Amino acid sequence: MTKFSASKMLNFSAKMISFIWHPVFMPLYTVLCYFHFTTRYFLQQNQDFLNLYLLLVSIIIPLAFFGLMFYTKSFSGYQLSHPKERLFFSVIMAVVYLIIFQKIIHYHQFMELFPFFLGIFLGISALVIYNFFGQKPSIHAMAVSGSLTFLIMWSYYTQINILNYLAVFFIIASLILAARLYLNAHDFKDLFRGVFIGILMQCVSFYVIWLYF
């Protein structure tokens, strides 16, 4: 009975971690962290605009689309276990983040966030390629590693010390990866590919935008 209860608790905890730190939420979490730590001045209305825009475009619309696909049985389940399902959803998300990037690039005050959103777009584009060839890198791993990489590089570039917070974020990232393994949603290769894509694309976008623009 004790083992059964412990197993149920672990399973519930892994599912809650996977949901709370779902990839569609990570960009908004990261932007909220950025606004909290940055020393740049932003009008509250500009912060609210970006936060609400992300809430609508990167969370509500994709989740509504996913719900429709699930309701019509176009998707087999919320895990998107089939590569073709992931391919379709990745294409949709790539379009979403291309729209977001093109929107915020017109607001010069958000320039420090340009590499972050470009990195997300490049990462999802890489996922499309992987999915096309039948692979399914972990989107959770890509999202959390991408966010962590951006915050590390942004902190280093701006000389803003958020080391303690980054340590907490690293622990959260480790829990997310462990949860995905525990739920058998991915194997080690999927997680490694996701982490690799997340880190690489943020580094590339950071280099291209912050060093050349």
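The values are calculated or read from the model by the stated rules, or taken from the named source; none is laboratory data. Bear in mind that the values here come from a model prediction, so they are computed numbers and not experimental data. All Cβ positions, glycine included, derive from the backbone under ideal geometry; neighbour counts span all protein chains shown.
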Point to revise | Residues located in segment 130-153, provided they are free of Cβ contacts under 8 Å to residues at least 60 places away in the same chain, surrounded by fewer than 24 Cβ atoms within 10 Å (Cβ to Cβ) and within 18 Å of S205 (Cα to Cα) | key: L148, T149, I152, M153
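Got a sec? Which of F117, F88 is among the hydrophobic types (A, V, I, L, M, F, W, C) and at pLDDT 85 or above? Outline the logic, then answer.
Details: F88 fails: at pLDDT 85 or above.
Of the residues listed, the single one that is among the hydrophobic types (A, V, I, L, M, F, W, C) and at pLDDT 85 or above is F117.
Quick one: in segment 179-196, of everything that is without any contact (Cβ under 8 Å) to a residue 60 or more places away in the chain and surrounded by fewer than 18 Cβ atoms within 10 Å (Cβ to Cβ), which residue is nearest to A126 (Cα to Cα)?
If we filter segment 179-196 for residues that are without any contact (Cβ under 8 Å) to a residue 60 or more places away in the chain, which is where we start, we get 181, 184, 186-192, 194-196.
Filter once more, keeping what is surrounded by fewer than 18 Cβ atoms within 10 Å (Cβ to Cβ): 181, 184, 187-189, 192, 196.
Working: L181: 22, N184: 23, D187: 19, F188: 18, K189: 15, F192: 14, F196: 11 Å.
Of everything passing the filter in segment 179-196, F196 is nearest to A126 (Cα to Cα).
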Study note, to complete from the structure: Restricted to segment 84-107 and to residues being among the β-branched types (V, I, T) and in contact with a Phe, Trp or Tyr (Cβ under 8 Å, 6 or more places away or on another chain), the residue farthest from V57 (Cα to Cα) is I105
Review point. If you take the residues in segment 156-177 that are in contact (Cβ under 8 Å) with a residue 24 or more places away in the chain and out of contact with any Cys (no Cβ under 9 Å at 6 or more places or on another chain), which one is nearest to H36 (Cα to Cα)?
Key: I160
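Being within 19 Å of L191 (Cβ to Cβ) and of a type outside the set (S, T, N, Q) narrows it down to one residue among L113, L148, L118; which is it?
Working: L113 fails: within 19 Å of L191 (Cβ to Cβ); L118 fails: within 19 Å of L191 (Cβ to Cβ).
Testing whether each residue is within 19 Å of L191 (Cβ to Cβ) and of a type outside the set (S, T, N, Q) leaves just L148.
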Exercise for review: Quick one: F117 ticks every box in (1) surrounded by fewer than 24 Cβ atoms within 10 Å (Cβ to Cβ); (2) under 30 Å from Y41 (Cβ atoms) except a single one, so which number is it?
Suggested key: (1)
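Residues that are within 18 Å of F116 (Cβ to Cβ): which helices (runs of 4 or more DSSP H) entirely in segment 1-73 hold 3 or more of them?
Values: elements: 2-20, 26-37, 44-54, 61-71.
Fully inside segment 1-73 and qualifying: 26-37, 44-54.
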**Study point:** Which listed residue, of L68, L80, L63, is aliphatic (A, V, I, L, M), under 20 Å from I100 (Cα atoms) and at pLDDT below 85
**Key:** L63
